[in-house]
Amino acid sequence: MKQEGLKFYRCNTCGNLFLTIIDPNITPTCCGSSMEILEANKVHEGAEKHVPIIKINHDEVKVKVGIQPHPMSAEHRIEWIILTDGSSVNIQKLSLTSEPIAVFSGMKRDGKFRAYSFCNIHGLWTSEK
Ligand SMILES: [Fe+2]
């Protein structure tokens, strides 16, 4: 097996998330259908409300989504934030009552951190620091 980094798959029926850290060379299925692979947005439109911003403070890493506030409503929200340091993957699921911010602690900083955020309408966004 070849290490290819994180891959995200989403079920378009139930919204389930499937995350692989090593490419399994399969397409996962959910609710009887193949899951959609999520590719990070490469467009600039909407980036100000979606790109995760990584702030490192000693052994604590704060990830805030966007330089402008993103809505957190049932119709339009950030569902989760993921932070990886290359050897561990941390996921924080967000609720409608939370701000689109996640704080992670105890992560190593051997290389770069990579953060991912997922908007239920505008998809997957990523950044690194
Ligand atoms: Fe959005």
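The values are calculated or read from the model by the stated rules, or taken from the named source; none is laboratory data. This structure is a prediction, so every number in the text was calculated from the model and none was measured. No Cβ is skipped: glycine too gets one built from the backbone with ideal geometry, and neighbour counts run over all protein chains shown. With ligands, DNA and RNA removed, areas are computed over all heavy atoms of the protein, side chains included. Shrake-Rupley method; radii C 1.70, N 1.55, O 1.52, S 1.80 Å.
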*Determine which single condition E99 fails, assuming it passes every other condition in (1) open to solvent by 80 Å² or more (accessible area, probe 1.4 Å); (2) not assigned by TED's automatic domain parsing to the domain that holds F118.*
(2)
*Does V63 qualify as being surrounded by 17 or more Cβ atoms within 10 Å (Cβ to Cβ) and without any contact (Cβ under 8 Å) to a residue 60 or more places away in the chain?*
yes
*Has the stretch 74-81 got at least one residue that is touching a Cys at 6+ places or on another chain (Cβ under 6 Å), within 16 Å of the ligand (Cβ to nearest atom) and open to solvent by less than 70 Å² (accessible area, probe 1.4 Å)?*
yes
*Would you say I54 is in contact with a Cys (Cβ under 7 Å, 6 or more places away or on another chain), outside the structural domain of G5 (by TED's automatic domain parsing) and over 13 Å from L6 (Cβ atoms)?*
no
